[in-house]
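Here is the structure we will look at.
The values are calculated or read from the model by the stated rules, or taken from the named source; none is laboratory data. Small disclaimer: the values here were computed from a predicted structure and weren't measured. Neighbour counts are summed over all protein chains in view; Cβ atoms, including those assigned to glycine, are modelled from backbone coordinates with ideal geometry.
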There are 2 protein chains.
Amino acid sequence: MTESLNTGLLLFLPYRALEFRVFEGLAAAGFDDFTPAQARVFQRIAPGGSRTTELAEQAGITKQSASFLVDQLERAGYVERVPDPADGRARLVRVAERGARSVEVSRGIVAEVEAEWTAHLGARRMAQLRTLLADLREITDPWR
Amino acid sequence: MTESLNTGLLLFLPYRALEFRVFEGLAAAGFDDFTPAQARVFQRIAPGGSRTTELAEQAGITKQSASFLVDQLERAGYVERVPDPADGRARLVRVAERGARSVEVSRGIVAEVEAEWTAHLGARRMAQLRTLLADLREITDPWR
DNA sequence: CCAACTTCGTCAGAGTCTCTTACCATCTCG
DNA sequence: CGAGATGGTAAGAGACTCTGACGAAGTTGG
């Protein structure tokens, strides 16, 4: 409702636009067998691998849900699970070969969209936006 | 993965933080019988009412899904459906009394969070952020 | 060492959300 | 008026998420 949109919607709109473009591009490149929910978990896998519980916390879902999504990503070949050498209870979720290829593709699409945004805002203001968002992250992201 | 987060995640993090705070606050005020999906539809109801199809488009879901969510919002007393005087096929979804009260509460919470963000960024940079996001909306929001 | 507690993960079951397909009613236009 | 477009509903299936309960492994304090 309203004259001036609240900041939440203002943040959400470009996020969704970007997500949509990435999905579209990945599907066109043959990576069409995963869902938004799976992607949001996949996106948070750390370079050396992450535990399911970590992924759950960062994605804002329960560990059961995260486990469910990782199962599917594993079946589709995007990730693999290996024992965690540091903890016998845990297993590390790592990006598998196919997952790495999809990351490459999505990187390209994100760069493309960011270029469009930069063209619209101007390089200086685009940099400003990123700086502002990074600063905001300090008080809105519990994980650093 | 990575040193510098992509802009998408940078946008998503504060969005989610704000949404979480609003939910928390609404629940504390007794508005605890609705879900995030329902809220995302509710949020887009225009002042004079909206058609289900409009809500679906703007929320990025099918009209069937929107209808499903509106049903629940109606049952919980947040919205009401009235015939659209301009079109015999259509019905307008309007904010009902209880919905209006929840809007009041959420407005207060949003203002509170925005004040925190302003305190963190500074008034000038907060205004910049909103301006930048509003500009970005021009190329990321299909509905104006 | 061992008992209590915590943490990582799984299983089972239910509720929520979303989609596709199909259909009816109404409106618009030629 | 008839054809096509549009607003909405119905039915069914699949995806996502949660709560509760549990086993296995790690941690801590006596």
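Search the range B:14-30 for residues that are among the β-branched types (V, I, T) and pair each with any residue that is in a helix (DSSP H, G or I) when their beta-carbon atoms are under 6 Å apart and the residues are at least 6 apart or on different chains.
B:V22/B:S106; B:V22/B:I109
Test B:R107 against the criterion of being more than 10 Å from chain A (Cβ to nearest Cβ) and either closer than 29 Å to A:F20 by Cα or within 16 Å of DNA strand D (Cβ to nearest atom) (or both), and give yes or no. Reasoning before the result, please.
Values: more than 10 Å from chain A (Cβ to nearest Cβ): no; either closer than 29 Å to A:F20 by Cα or within 16 Å of DNA strand D (Cβ to nearest atom) (or both): yes.
Spelling it out, it is not the case that B:R107 is more than 10 Å from chain A (Cβ to nearest Cβ) and either closer than 29 Å to A:F20 by Cα or within 16 Å of DNA strand D (Cβ to nearest atom) (or both).
Mind checking whether some residue in the range A:30-42 is within 15 Å of DNA strand D (Cβ to nearest atom), within 13 Å of chain B (Cβ to nearest Cβ), within 28 Å of B:V103 (Cβ to Cβ) and hydrophobic (A, V, I, L, M, F, W, C)?
Looking through the range A:30-42, none of the residues is within 15 Å of DNA strand D (Cβ to nearest atom), within 13 Å of chain B (Cβ to nearest Cβ), within 28 Å of B:V103 (Cβ to Cβ) and hydrophobic (A, V, I, L, M, F, W, C).
Any chance the range B:83-101 includes a residue that's more than 16 Å from DNA strand D (Cβ to nearest atom) and either touching a residue at least 60 places away in the same chain (Cβ under 8 Å) or among the basic types (K, R) (or both)?
yes
For the range B:41-77, enumerate the residues that are near DNA strand C (Cβ under 10 Å from one of its atoms) and basic (K, R).
Answer for the range B:41-77, where residues must be near DNA strand C (Cβ under 10 Å from one of its atoms) and basic (K, R): just B:K63.
What single numbered condition from (1) closer than 14 Å to A:V105 by Cβ; (2) more than 10 Å from every other protein chain (Cβ to nearest Cβ) fails to hold for A:G49?
Of everything listed in (1) closer than 14 Å to A:V105 by Cβ; (2) more than 10 Å from every other protein chain (Cβ to nearest Cβ), A:G49 misses just condition (1).
Within the range B:112-122, is even one residue farther than 30 Å from A:E114 by Cα and either of a type outside the set (D, E, K, R) or outside the structural domain of B:E57 (by TED's automatic domain parsing) (or both)? It would help to see each step written out before you state the result.
From the range B:112-122, those farther than 30 Å from A:E114 by Cα are B:112; that's our starting set.
Subset that is either of a type outside the set (D, E, K, R) or outside the structural domain of B:E57 (by TED's automatic domain parsing) (or both): B:112.
Looking through the range B:112-122, at least one residue is farther than 30 Å from A:E114 by Cα and either of a type outside the set (D, E, K, R) or outside the structural domain of B:E57 (by TED's automatic domain parsing) (or both).
Return the pair list, or none, for Cβ contacts closer than 9 Å from residues in the range B:120-134 that are within 7 Å of chain A (Cβ to nearest Cβ) to residues that are among the aromatic types (F, W, Y), at least 6 apart or on different chains.
B:L129/B:W117
Would you mind stating whether A:R51 is within 16 Å of DNA strand D (Cβ to nearest atom) and touching a strand residue (DSSP E or B) at 6+ places or on another chain (Cβ under 6 Å)? Outline the logic, then answer.
Values: within 16 Å of DNA strand D (Cβ to nearest atom): yes; touching a strand residue (DSSP E or B) at 6+ places or on another chain (Cβ under 6 Å): no.
In short, no.
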